[in-house]
1. Under a straight-distance cross-link criterion of Cα-Cα below 22 Å, which lysines are reachable from K433, leaving out those fewer than 8 residues away in the same chain?
2. Relative to a virtual label point 7 Å from the Cα of V189 in the Cα→beta-carbon direction, which members of the stretch 85-125 show backbone nitrogen distances below 20 Å?
3. Zone of E620 (label point 7 Å along Cα→Cβ, backbone N under 14 Å): which residues in the stretch 86-130?
4. Using the eigenvalues of the Cα gyration tensor, what equivalent ellipsoid semi-axes result for the stretch 291-447 when each is taken as the square root of five times the eigenvalue, whole Å, largest first?
5. Assigning unit charges at the beta carbon (Lys, Arg +1; Asp, Glu -1) and nothing else, what dipole magnitude in debye, to the nearest 20, does the stretch 236-346 show about its Cα centre?
6. Exceeding 18 Å between C-alpha atoms, which entries from my cross-link table qualify? They are K383/K569; K123/K188; K69/K188.
7. Please give the calculated 222 nm ellipticity per residue for the chain, where each DSSP H segment of at least 4 residues contributes -39500 (n - 2.57) and the sum is spread over every residue; nearest 500 deg cm²/dmol?
8. Kindly count the pairs of lysines across the stretch 248-307 whose alpha carbons are less than 29 Å apart, treating pairs on different chains or eight or more residues apart as eligible.
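The values are calculated or read from the model by the stated rules, or taken from the named source; none is laboratory data. Just so it is clear, the structure is predicted and the values come from calculations on it, not from any experiment. Cβ placement follows ideal geometry from the backbone for every residue including glycine, while neighbour counts extend to all protein chains displayed. SASA here: full protein model, heavy atoms, side chains in, ligands and nucleic acids out. Shrake-Rupley method; radii C 1.70, N 1.55, O 1.52, S 1.80 Å.
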Amino acid sequence: MKKLNKWLAMLLVIVMCVSILAGCKPPVTDPGESTGESTPVEIQGYTQSPYIADTMGITSDVTERLPVKEDIMIENAGYLEVGVFGGTLKRAADSGNWYAGKPIEEGLFRFTTKGTIEPNVAKGYEVSADGKVYTIHLREGMKWSDGQPFTAEDCVWFYNKVCLNKIDSKGVRNCHKDANGDAATVAKVDDYTFTVTFGTPKYDFIEALTVDLKWHYAPKHIFEAFVDAAIAGDDELAKTEAQKITGREYKDAADAGKKMLYYFWNEPGVPTLNPYVLSTEEGKNDIKGAYYEFVRNPYYWKVDKAGQQLPYIDKIVGVTVSNVDQKLMLLLDGTVDFETVGMESIPTILESQTKINVYEWAGADWGATQLHFNLNVEDANLKALFNNADFRQAMSICVDREELAGLLTDGWLPGGQAAPSAGQLGYSEEWAKKWTEYDVAKAKSLLEGCGLVMGADGFYDFADGTDCVINIVSVADSGAADVYKVLEPYFRAAGIKCTFKDSDRSNIDNDLMANAVQVMLLPVTNIGDISIVLKPNSMVPGYATNVAWYGTMDETTATGDLLKLIELKKQLDVTASTEKRTEIALQMLKLHEENQWTLAYVEAAPAYHAVNARIQNFLEDGVWSDIYRDMGIAHCQCWYIAE
């Protein structure tokens with residue numbers, strides 16, 4: 001009940017917070033404190049980790065490296081204890097771009113553990129009565145990790161040069177588009193203030209920004225020459241300027257732009273506002289290498305309630321591993337400090353000689369073991385088949401979910417469907433059980449009703465005589481290969497021939513962007529999240545480039561209920577009323593329930609975090625969601641080590 005009540009309270013806040021902006025001017029949050037769960041404190045003085053002077057050789061007073069006193073951010077959430085400086089946080093890494101980034105990411109604003117928005121890099125904002133103009137205020141005296149001033153120029157330049165010219169590979173995000181799809185105008189007011197102006201009301205801009213873009217800045221003093229060369233189309237000059245920054249060679253300007261301005265924390269020599277910065281030392285500066293280090297940012301702009309400059313822990317080290325089993329072994333012998341684990345590993349962890357605490361966080365995905373059919377696939381036969389609800393129902397009911405769940409989770413989880421969990425907006429028992437009965441004979445009847453014809457080899461063919469083959473892909477080391485071995489016999493028994501191939505994540509991402517994926521098992525982006533309002537990416541076509549079930553579909557190619565889904569989202573964007581927004585969101589979710597565009601075979605699992613007992617201030621009851629940046633909401637800058 002505790003987790004369910006947390007869901008209900010959080011979702012109510014999320015639905016409400018995106019509508020309070022209409023026709024009002026919200027107060028600028030006190031810039032000196034983390035809100036929501038904190039108590040005001042008065043700090044008498046500031047101290048820093050000995051590591052800064054002793055190891056980094058920086059002897060200036062800490063107050064010279066913090067913002068002005070009234071703009072210093074105090075991490076003062078109720079569950080946090082005052083910690084101690086020192087030590088190393090040890091991780092087992094898998095070379096993923098976001099693996100290192102999400103825990104240390106710092107956006108202009110952030111979500112609290114109660115689901116509300118609070119200032120972060122920004123100290124506050126104002127919005128015009130018509131919901132079109134947002135004025136964002138920054139913290140005076142704040143600095144990049146290289147000691148250079150961080151100002152509104154970095155925010156405005158990033159949008160006008162990097163985003164509008166798509167130098168970071170992503171371009172203008174949906175958070176910066178109005179109801180007509182037009183890009184916002186971003187302008188500097190002074191060194192610590194800038195405005196974002198829309199052509200139509202944008203009632204949820206702050207929330208959408210926090211979900212969609214997060215940072216909204218880049219160090220102009222570092223990147224200006226590179227970006228100017230990239231915009232001018234001078235590829236060689238751009239590569240030269242990029243190499244000056246990181247010491248690395250890049251294929252072209254586009255490659256450099258994506259790595260340095262989107263995955264910036266992974267590139268050595270790039271200043272950030274994060275609590276930790278990638279080392280520039282050889283042997284420690286490559287997240288795809290065998291070992292890497294993130295060292296503390298001496299100009300970090302947050303303190304605890306005792307005035308100690310955060311983070312407490314001096315550095316984070318990563319040891320690259322090749323598989324999940326190796327990660328578990330390193331956790332058990334104390335080589336690494338924390339890991340997100342499957343529930344099947346929990347008994348082994350609890351029996352370990354190393355004292356490890358296990359924390360359960362609520363999940364947000366619509367079921368586990370998801371299978372996504374690309375409804376916009378290029379092949380005409382497959383496109384017609386995948387868009388036929390009878391085919392999707394057949395692929396659902398031909399699987400014995402309880403048997404499958406038992407094999408995959410050792411009985412920890414029951415079978416399930418791609419549907420919201422109890423407590424999430426749109427949940428119904430009927431949806432949770434839709435197409436979950438096991439009936440191979442009915443599945444075959446449905447397949448034949450789709451026009452498939454049984455061939456002499458025992459597998460179905462298309463009506464034109466060509467083989468019906470479902471090519472399934474997934475990310476290597478995701479566990480999908482093992483899942484496929486258990487799942488494929490069910491499909492074969494129903495007469496569906498399948499193939500399977502797993503590839504490196506970068507290859508999968510490229511194939512998704514090229515619309516070259518037919519079907520994906522354990523997709524890069526699962527369908528579902530805590531809010532279809534705040535993050536429609538996985539649930540509404542056209543909002544992301546890495547969602548397998550709709551591929552490259554957008555409003556120009558969508559038809560029927562898929563187009564209606566997109567139109568409802570556009571209607572949602574220009575609606576201020578809480579009641580009406582909730583009504584529209586429920587209509588969108590109802591379309592998903594009626595069509596069941598994606599499948600899941602196992603009930604959604606909570607996220608389990610196994611944490612060495614020496615790590616203190618770990619968030620005990622969070623929610624695992626990309627909206628909250630997964631581990632990011634745990635705020636590792638506030639963790640400390642108690643040996």
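1. K3, K442, K444, K590
2. 108-110, 118-125
3. none
4. After scaling each eigenvalue by five and taking roots: 43, 21, 18 Å.
5. 380
6. Table pairs above 18 Å Cα-Cα are K383/K569; K69/K188.
7. -8000 deg cm²/dmol
8. 10
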